[in-house]
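*Asks:* One structure, pasted below without further comment.
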Amino acid sequence: MVISFALYSSQSACSELADLSVFNEHYPKAIYFRNVENSAANTSISYEKWAKRWSKLDGMVVKALDEEIPRRSEEAQKKFIQYKKDNPEKLMLLHFNGNARDPNFDLTAFYPEDWTYFVGTYSADVISENDSDITVRDASVFRTLDDIAIVPVDLKGNLDWKNAEQAKLTAVSGKNKLTVNRGLFNTKIKTYAKGRAYLAAHVSQPAIAPGSDQALWRYNFTNITPQGGMPIRLTHNLMEYLGSDKSLSNFDGVEFDVLADIRGLKHPSRKTPIDYNYDGKASKLDVDHQQKYSQGVHLFLSSLRSELGKDKLILADGNEANQQREFSVLNGIESETWPSHWDPQVEQWSSGINRHLFWKSRSYSPSLNYIKLGKVPNKQGAAQSPPENLRRLRMAGSLFTDTVIAPAYRPKGKGIDNWSELIGDEKNYTTWLGKPLTDIQYLKPEHDDIVEFDIESKEMNFNENADLFTFKKINDKEINIALKFKLSNPGDITVTAEVSSSSMGKQKAKGRVSYITITPIGDGEQKNMTWSDAAPFNSRFYFKNLKKGQNSLTLASDADLVQLTNLRIQYGVEIPYRIFENGVVIANPSRKQVKVSTSKFSSIQSTLKKRGLKAKNLTINAKDAVFLSFE
């Protein structure tokens, strides 16, 4: 993972956080991800031995509660608390599942309707207290090993969720018979009259902990009431650990794993729809409630911020479009790999740069973002170690955006905290690059001819200023326009613009940002994005190997209005670089080898000479980066 710092922002770290080493101006920054947990949980390993092993980097992100992995609150938690006491300058973040939890963990803090359920079915016969076999109207809505709620139904047909019984489905027989293990999670086994029980399966994710068979139940953030509902109950539950004088009060904050901004009406595990308003049927009301999901997430995060105060960090996953955009509340994001979780070949380089620079400039102060640099997810099998060039390219991206690195695997036998890019010429981790002397800079291609383009859209309104394009949403549909142009030769292009946007109604009231994506026709792997809001943001969209002749890019956004200023399309790849006190980092995000002369760094050539870097010609392989140390 990589963590970012708002060093070039007017924001400054709060007094309680300012002494953390991740907020100083020396680079690179690195923290441990959850690799520290297993040894921390091992009672045969002393605290002293464990702490010495994991003392090199600037802190850690750890699982210290049992919401996902049982017994993390025991031996491991003790070591984490002591480590923070002994090392107050090192970051200690709680890693907490923001989507679902093991119901064995603090179940009494929630109501039965605080969980998400699939549309279920009704019983077809009497259910006595001794019955483990239940006849239902439609057993097809279930899967063996589902956790299910059995809900009493009153004479008017209303569902009595307050008195729901929890059970485990052990077998499905035919079209209408279930075998269940009843009265689980401290609920009472009841008798139900004929047709007076409603049965629904929990929306859940498989157990994560090794050896555990208990699925994690998904929260229902749409369950908002005048008193707050589920989001406020989750806040109160967490404050029992993170609050003043509580067990984790010396932690610096929390990172919410897989906390989505919105969830859909369906689930990939089955065709049965989700019953967001838990009334026992699929209807337009579920759509209405589903639209409240982001409101519930906002309520949860804002209430937690209010309770924790400004001196604690709150982060959440943020490297996908359906993940967090709560910039007014969150200090930053975790990127699970980079630029995107499902971008193993780093085709969406500019998405990652835009996303992290936007978070750096817009997040709640102080800004802190990190990237987990581990094995890369693989839809066809187990995660795989990335090629060395892509690892270096991702590290360069983190350094360009003031993002902290969380090394999470061992490339070619190297220690997890002993990568050459982390340690420089030393044997141990050191902030060898020193202070940054510039922000991210770009070497222009030798032939950066401007490409003429046309725009096709019914939603476009031209401003009299030719450099300003305004696009308005029509009929509540996503803004969708086409940029059309011809290339005299096949090659790469870079689209640049100052982007801004606005949204009406609830989104505007909550200060939510919008996304803007640009995608080459027929090449979804190169879909690149940026966030946008009312303030102009300099964005870049880089595309590779476009064909000779007619080409088209599709621009889409969920905003009500989008403005693009100084929109340009130019040939070639821009080579990004950044100068530090003790070295320079240069990246090549293209699919081809490039040659770079450091004499092109004309604006800072005198500085480079003073620091011992003579002009030199470099060859940088495709999708790679170089880390040069000054003499």
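The values are calculated or read from the model by the stated rules, or taken from the named source; none is laboratory data. Everything numeric here is computed off the predicted structure, so don't read it as measured data. Every residue, glycine among them, receives a Cβ derived from its backbone with ideal geometry; neighbour counts consider all protein chains shown.
*Asks:* Just to be sure I understand, how many residues within the range 264-290 are free of Cβ contacts under 8 Å to residues at least 60 places away in the same chain and charged (D, E, K, R)?
*Replies:* Result for the range 264-290: 5.
*Asks:* Further question: Which one of the conditions (1) under 21 Å from residue 533 (Cβ atoms); (2) at pLDDT below 90 does residue 444 fail to meet, given that it meets all the rest?
*Replies:* The one condition residue 444 does not meet is (1).
*Asks:* Looking only at residues in the range 261-317 that are small (Gly, Ala, Ser) and assigned to a helix (DSSP H, G or I), which one is surrounded by the fewest Cβ atoms within 10 Å (Cβ to Cβ)?
*Replies:* Checked the range 261-317; the qualifying residue surrounded by the fewest Cβ atoms within 10 Å (Cβ to Cβ) is 306.
*Asks:* OK, next. I need the full set of residues from the range 88-130 which are out of contact with any strand residue (DSSP E or B) (no Cβ under 8 Å at 6 or more places or on another chain), touching a residue at least 24 places away in the same chain (Cβ under 8 Å) and in a loop (DSSP other than H, G, I, E, B), in order please.
*Replies:* Listed by number, the residues that qualify are 88, 89, 104, 105, 106, 110, 111, 128, 129.
*Asks:* Residues that are under 25 Å from residue 273 (Cβ atoms) and small (Gly, Ala, Ser): list the strands (runs of 3 or more DSSP E) wholly contained in the range 139-213 that include at least 1 such residues.
*Replies:* 147-152, 165-173, 197-201
*Asks:* Continuing with this model, one more query. Please tell me if residue 157 is small (Gly, Ala, Ser), surrounded by fewer than 16 Cβ atoms within 10 Å (Cβ to Cβ), more than 19 Å from residue 119 (Cβ to Cβ) and out of contact with any strand residue (DSSP E or B) (no Cβ under 9 Å at 6 or more places or on another chain).
*Replies:* no
*Asks:* Give the range 67-87 a look and list any residue that's in a loop (DSSP other than H, G, I, E, B) and out of contact with any strand residue (DSSP E or B) (no Cβ under 9 Å at 6 or more places or on another chain), or say none.
*Replies:* Keep residues of the range 67-87 that are in a loop (DSSP other than H, G, I, E, B), which gives 67-74, 87.
Those that are in a loop (DSSP other than H, G, I, E, B) and out of contact with any strand residue (DSSP E or B) (no Cβ under 9 Å at 6 or more places or on another chain): 69, 70, 71, 73, 74.
*Asks:* Of the residues 57, 17, which is modelled with pLDDT under 95, in a loop (DSSP other than H, G, I, E, B) and buried (at least 19 other Cβ atoms within 10 Å of the Cβ)?
*Replies:* After applying the criteria, what remains is 17.
*Asks:* Additional query: Does at least one position in the range 538-554 carry a residue that is at pLDDT below 90, touching a strand residue (DSSP E or B) at 6+ places or on another chain (Cβ under 8 Å) and closer than 30 Å to residue 329 by Cβ?
*Replies:* The first filter runs over the range 538-554 and keeps only residues at pLDDT below 90, leaving none.
Checked the range 538-554: no residue is at pLDDT below 90, touching a strand residue (DSSP E or B) at 6+ places or on another chain (Cβ under 8 Å) and closer than 30 Å to residue 329 by Cβ.
*Asks:* Still on this model: Go through (1) modelled with pLDDT of 95 or more; (2) in contact with a helix residue (DSSP H, G or I) (Cβ under 7 Å, 6 or more places away or on another chain); (3) buried (at least 17 other Cβ atoms within 10 Å of the Cβ) for residue 43 and report which single condition fails.
*Replies:* For residue 43, the exception is condition (3).
*Asks:* Can you pull out every residue in the range 425-458 that is within 30 Å of residue 476 (Cβ to Cβ) and either free of Cβ contacts under 8 Å to residues at least 12 places away in the same chain or of a type in the set (Ser, Thr, Tyr) (or both)? Even if it seems obvious, please write down each step before you answer.
*Replies:* Going residue by residue through the range 425-458, those that are within 30 Å of residue 476 (Cβ to Cβ) are 453-458.
Across the range 425-458, the qualifying residue is only 457.
*Asks:* Before we move on, is residue 32 within 26 Å of residue 20 (Cα to Cα), under 26 Å from the mean Cα position of the chain (by Cα) and surrounded by 18 or more Cβ atoms within 10 Å (Cβ to Cβ)?
*Replies:* yes
*Asks:* Of everything in the range 410-441, what is at pLDDT below 85 and not basic (Lys, Arg)? Give them in sequence order. Reasoning before the result, please.
*Replies:* Just the residues of the range 410-441 that are at pLDDT below 85, to begin with: 412-414, 425-428.
Result: 413, 425, 426, 428.
*Asks:* Considering only the range 39-61, I want to know if a residue exists there that is touching a residue at least 60 places away in the same chain (Cβ under 8 Å) and closer than 28 Å to residue 107 by Cα.
*Replies:* Looking through the range 39-61, at least one residue is touching a residue at least 60 places away in the same chain (Cβ under 8 Å) and closer than 28 Å to residue 107 by Cα.
*Asks:* Answer yes if at least one residue in the range 233-246 is of a type in the set (A, V, I, L, M, F, W, C) and assigned to a loop (DSSP other than H, G, I, E, B), and no otherwise.
*Replies:* The answer is no, given that none of the residues of the range 233-246 is of a type in the set (A, V, I, L, M, F, W, C) and assigned to a loop (DSSP other than H, G, I, E, B).
*Asks:* Do any helices (runs of 4 or more DSSP H) entirely within the range 344-458 hold 3 or more residues that are of a type in the set (D, E, K, R), and if so, which?
*Replies:* Values: elements: 349-362, 388-400, 420-423.
It comes to 349-362, 388-400.
*Asks:* Can residue 236 be described as in contact (Cβ under 8 Å) with a residue 12 or more places away in the chain, out of contact with any His (no Cβ under 7 Å at 6 or more places or on another chain) and surrounded by fewer than 21 Cβ atoms within 10 Å (Cβ to Cβ)? Quick ask: steps written out before the conclusion?
*Replies:* Working: in contact (Cβ under 8 Å) with a residue 12 or more places away in the chain: yes; out of contact with any His (no Cβ under 7 Å at 6 or more places or on another chain): yes; surrounded by fewer than 21 Cβ atoms within 10 Å (Cβ to Cβ): yes.
In short, yes.
*Asks:* Does residue 425 satisfy the criteria of being touching a strand residue (DSSP E or B) at 6+ places or on another chain (Cβ under 7 Å) and surrounded by fewer than 20 Cβ atoms within 10 Å (Cβ to Cβ)?
*Replies:* Details: touching a strand residue (DSSP E or B) at 6+ places or on another chain (Cβ under 7 Å): yes; surrounded by fewer than 20 Cβ atoms within 10 Å (Cβ to Cβ): yes.
Yes, satisfied.
*Asks:* Residue by residue through the range 495-522, note down the ones that are farther than 12 Å from residue 558 by Cα, of a type in the set (Val, Ile, Thr) and either at pLDDT 95 or above or in contact with a His (Cβ under 7 Å, 6 or more places away or on another chain) (or both).
*Replies:* Of everything in the range 495-522, those that are farther than 12 Å from residue 558 by Cα, of a type in the set (Val, Ile, Thr) and either at pLDDT 95 or above or in contact with a His (Cβ under 7 Å, 6 or more places away or on another chain) (or both) turn out to be 495, 496, 499, 518, 519.
*Asks:* Determine the pairs where a residue that is over 12 Å from residue 136 (Cα atoms) and free of Cβ contacts under 8 Å to residues at least 60 places away in the same chain, located within the range 174-185, has a partner that is among the aromatic types (Phe, Trp, Tyr) and in a loop (DSSP other than H, G, I, E, B) with Cβ atoms under 9 Å apart, the partner being 6 or more residues away or on another chain.
*Replies:* none
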